[in-house]
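Novice: Got a structure for you, written out below as structure tokens; questions coming shortly.
The values are calculated or read from the model by the stated rules, or taken from the named source; none is laboratory data. Just so you know, these numbers come straight off a predicted model, no measurement behind them. Cβ placement follows ideal geometry from the backbone for every residue including glycine, while neighbour counts extend to all protein chains displayed.
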């Protein structure tokens, strides 16, 4: 009975496998049949595990292929998969028996076609623009003449030679070159590290911090320039505290770093032209400005001199300025002589009045009377101390009397001298002094004659000279003036002196 059970059932000679055996066989079959393959599709769900492994799907319109990139393989990817991106993935097809699934272990990802690259670029561009990294207000001005220029580029390419040659022609400056890979998988990371490294340098240190950064690369396809479209490069350029010029590709090439940089140059040579001015042009401009300054100063002096001449024409002549003061002087001179005479007379009267009150005889009489009175009073006192005090007072009175007499005499002498000086001034200003200079006074019966018409009416004229008077004879043909009753002689006023 047992032998029947051990025999195979007729028609059922298919070998049996365990689950592990069939899973291993499937895995070996997949890996042996397909080996390393390339698959094109659109990236679907993307998930990065805590372990660092990257899981994502590549799909078309009907099927989905699970893909895995291990943590150690991610650094070698030129493009990180993003959802919605059309890519071509390369790797080995394998199976995961624990879940009865197969997937593709991807170690290389490239964008499938330029259209997909442009779509990815446009997506990143919109994202960075929404964050404000393209805003003109955050862009920094370039220094006019940087002392040190940092260049991020390949040290072996033609780009650095073009920059050095252009700077040597325009205005030689010190350069710090940070060598980087300008294409490939390491391009984006090295360029971002170079920008951040320049910003970390200490100003004025052993390795000085540059005043300007130039990120440069020659032309190429969009795939060659893709490293400068990576988000890490764009954010590093936007965060740079040093002004940055992007010069990636030719004039028609545009990358993300061009939008976030402070200035874009169409070529590396143009970047060198933007970095420094032309030294000879600066010298010529300086000379021109100096000449303009000299001309402006000369013109300003000439205009002010002409303005001064124009204003001087409006000023009055010097002789006209003195007309009014001269007339006032003549009026004051005419009033001076009478004023002096009145002043002398007033002061003479004052002196006479004062001298009447302060005559020496009056003072002596007053002092004698006081002495007699004092003597009478002293005779009444019998106390000796009082007599001594009286004697002392008498001596003091005598001394004061002598001093008063001397002071009064001195004052009278001084007043007399002033009066004499005033009289001499009066004589000098009188008409007598004028006669000494050759002038004469003509008089007639009616008084002083001042015109020829008055003189022709009189038969006899008296001419007073400095040394005497002269009576003229009758003038022939002159009509005799009617005789007038003789005037009584003028009273003699006497002399003030």
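Novice: When residues of the stretch 21-40 are filtered for being assigned to a helix (DSSP H, G or I) and exposed (fewer than 10 other Cβ atoms within 10 Å of the Cβ), how many remain?
Specialist: Residues of the stretch 21-40 assigned to a helix (DSSP H, G or I): 21-34.
Applying the additional criterion that residues be exposed (fewer than 10 other Cβ atoms within 10 Å of the Cβ) yields 32-33.
Selection size over the stretch 21-40: 2.
Novice: When you look at residue 246, is it buried (at least 16 other Cβ atoms within 10 Å of the Cβ), in a loop (DSSP other than H, G, I, E, B) and touching a helix residue (DSSP H, G or I) at 6+ places or on another chain (Cβ under 9 Å), yes or no?
Specialist: Values: buried (at least 16 other Cβ atoms within 10 Å of the Cβ): yes; in a loop (DSSP other than H, G, I, E, B): no; touching a helix residue (DSSP H, G or I) at 6+ places or on another chain (Cβ under 9 Å): yes.
Spelling it out, it is not the case that residue 246 is buried (at least 16 other Cβ atoms within 10 Å of the Cβ), in a loop (DSSP other than H, G, I, E, B) and touching a helix residue (DSSP H, G or I) at 6+ places or on another chain (Cβ under 9 Å).
Novice: From the list 43, 79, which one is in a loop (DSSP other than H, G, I, E, B), within 20 Å of residue 185 (Cα to Cα) and touching a residue at least 12 places away in the same chain (Cβ under 8 Å)? It would help to see each step written out before you state the result.
Specialist: Values: 43 fails: in a loop (DSSP other than H, G, I, E, B).
The match here is 79.
Novice: Continuing with the same structure: Would you list the helices (runs of 4 or more DSSP H) that sit entirely within the stretch 256-339 and hold 2 or more residues that are farther than 30 Å from residue 217 by Cβ and outside the structural domain of residue 216 (by TED's automatic domain parsing)?
Specialist: Working: elements: 256-260, 268-275, 279-314, 318-321.
Where helices (runs of 4 or more DSSP H) fall fully within the stretch 256-339 and carry at least 2 residues being farther than 30 Å from residue 217 by Cβ and outside the structural domain of residue 216 (by TED's automatic domain parsing), they are 279-314, 318-321.
Novice: A follow-up question, please. Identify the residue in the stretch 41-81 that is surrounded by fewer than 14 Cβ atoms within 10 Å (Cβ to Cβ) and touching a helix residue (DSSP H, G or I) at 6+ places or on another chain (Cβ under 8 Å) and, among all such residues, is farthest from residue 231 (Cα to Cα).
Specialist: Residues of the stretch 41-81 surrounded by fewer than 14 Cβ atoms within 10 Å (Cβ to Cβ): 45, 47, 49-52, 60-64, 70-72, 75-76.
With touching a helix residue (DSSP H, G or I) at 6+ places or on another chain (Cβ under 8 Å) added as a condition, the list becomes 51-52.
Details: 51: 23, 52: 20 Å.
For the stretch 41-81, the residue satisfying everything is 51.
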